[in-house]
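Following: one structure in structure tokens, then a few remarks.
Coordinate-derived values only; no laboratory data. The structure displayed is predicted, hence computed values, not measured ones. In this analysis, Cβ positions are derived from the backbone assuming ideal geometry, glycine residues included, and neighbour counts consider all displayed protein chains.
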Amino acid sequence: MEKIDDNAVLTPLARQLRLSATLEINELVQQRLQQEREVFHLGFGEATFPVHQSVAAAHRDASLTTGYLPVAGLQTLRESVARFQTRRLRSSVKTDQVVVAPGSKPLLFALFDVLQGDVLLPRPSWVSYEPQVLHAGKRLFWVETSEQNRHAISEQSLVYTYEHALRSGGKPRIMLINSPSNPTGQVFTKENVDTIVRFCEERGIILISDEIYSDIFFGDEHPASPGSLGRLDESKLILTGGLSKTYSAGGWRVGYAIFPSSEFGRTVQTAVLAYASECWSAASAPAQEAAAVAFDTTSEMDLYRAQVARLHKSCTLQMYHQLLSFGLDIAKPQGAFYLYPSFQPFARQLESLGIKTSAELSSWLITEFGVATLPGSVFGEDDDGLPSGRYRLRMATSYLYFKDCSERYEHGYDLLAMAVTEQFVPYLPLLQSAIKALQAVVDKLKAL
């Protein structure tokens, strides 16, 4: 077979691209399962509750709709998103400010491609942000986060990174944040959001806020958003979100962006629509019809959102308390369905095993114990950086409810129906099995 020289075929940029770590771990898990080897899947953040019956019915009813929809999206879906976000943000969002796409990923790619300047990104951040930035030919500058929870950002850290970027010849004109956070499960406080917004406004930086997990929060109120209380139209701010996390419909690929009604917002929105028309044309018609039902502010969808959030909270916090009792360094999650423990307390034992990086730790867990996680390094953590960032693993609890799709729909609706109060604590066999496996990991380390 002829050997292909990558340098002769691929662009320098393309040679840097790798399979997404989240999809890669999922494929590795599937391989182990096919070999009939036990796996405790904490590596893939795919929501797995049954789709709401009304949403599923809307998708079925529209299954024969095969024509192209408008580039900006189905009108009823844009209206539904605008109503929902107006209520959440406590600020008017008009239908014409909403653009729909096949997932929020393409929208982020588009934004990085059309906007000028380099990018400030919190460390750690979701695995796909960095490739999106590099794909656009931009430079990325990491903003260090709190040693305590690896999420909160101080003004000092923002200023330090900004000035470092300038000294390095960069042009930092974009910042992206995500709250609740993948990978940490943390949320920004109002004070932290105010600090970030003020910092960006003073320097003319465009702020992109990825709010895909905004409805999965563990407190009494929605997490603070840069776009709340009228700030959306007053700032260089763009919000993104989608159907995948709250509504367990990632495979349907529906995302959206909300642009300010200002001249800035209209300029960027027009460019993104032009980009979309030449790239993805439109999201799937049946999926958009279903999303219009999902994002609506009806009482049945409000109940579904509350039930989903309660179950994610219960499962994730059960895991948190166990990891804390094992002696791991971990901050209490505030939203989404992620935990971000550090095995730094066992650094001596890990080094005695020849494990010096988070990637090596992740590999050891799945090879020796069948526990699938993602290493902190794929989220931007530096294995030689701050001690609080070392030996980090991201664990997702979203696969701990049902063993397969049949069980998801056989028992899932009953599980949701029981999640009517904060006091409900479900017994989840997969969760207990994962905890037991992690206990074996820690016991092994303590014995060294």
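As a footprinting exposure proxy, order Thr184, Thr367, Thr86 by other Cβ within 10 Å, with the fewest listed first.
With the sparsest Cβ surroundings first, the list reads Thr367, Thr86, Thr184.
Converting phi to 3J(HN,Hα) with the Karplus coefficients 6.51, -1.76 and 1.60 and the offset θ = phi - 60°, the range 112-123 yields 5, 6, 8, 8, 8, x, 8, 10, 9, 9, x, 9 Hz in sequence order, with x at every glycine or proline.
Relative contact order for the range 331-401: 41 percent, from Cα pairs under 8 Å spaced at least 6 residues apart, divided by residue count. Over all pairs of different C-alpha atoms in the range 65-296, the reciprocal of the mean inverse distance, the Kirkwood hydrodynamic radius, equals 17.7 Å. The H on the amide N of Ala336, modeled in the peptide plane, is under 5 Å from the matching H of Ile216, Phe217, each at least 5 residues off or on a different chain.
Which entries in the list Lys105/Lys356; Lys245/Lys436; Lys190/Lys332; Lys332/Lys446; Lys105/Lys245 go over 21 Å, if you measure between the two C-alpha atoms of each?
Over 21 Å Cα-Cα: Lys105/Lys356; Lys245/Lys436; Lys332/Lys446.
Here Lys171 is the anchor, and the aspartates and glutamates within straight C-alpha reach of less than 17 Å, apart from those fewer than 8 places off in the same chain, are Asp113, Asp118, Glu130, Glu163, Glu201, Glu202.
Set against the labelled values (1) 4, 21, 31, 27, 14, 3, 0; (2) 4, 19, 27, 25, 18, 7, 1, 0; (3) 4, 15, 21, 19, 15, 11, 8, 5, 2, 0, 0, P(r) over Cα pairs in 10 Å bins from 0, in percent computed from this structure falls on (1). Sorted fewest first by neighbouring Cβ atoms within 10 angstrom, Cys315, Cys279 come out as Cys279, Cys315.
In order along the range 282-290, the phi-based Karplus estimate (6.51 cos²θ - 1.76 cosθ + 1.60, θ = phi - 60°) of 3J(HN,Hα) comes to 6, 6, 3, 5, x, 5, 5, 4, 5 Hz; Gly and Pro are listed as x.
Global dimensions of the range 210-253 from alpha-carbon coordinates: Rg and Dmax equal 12.3, 34 Å. Scalar couplings 3J(HN,Hα) for the range 225-233, obtained by applying the Karplus form with A = 6.51, B = -1.76, C = 1.60 to θ = phi - 60°, are 10, x, x, 7, 6, x, 6, 4, 7 Hz; x denotes Gly and Pro.
Summary value for the chain: 22 percent relative contact order, contacts being C-alpha pairs under 8 angstrom separated by 6+ residues.
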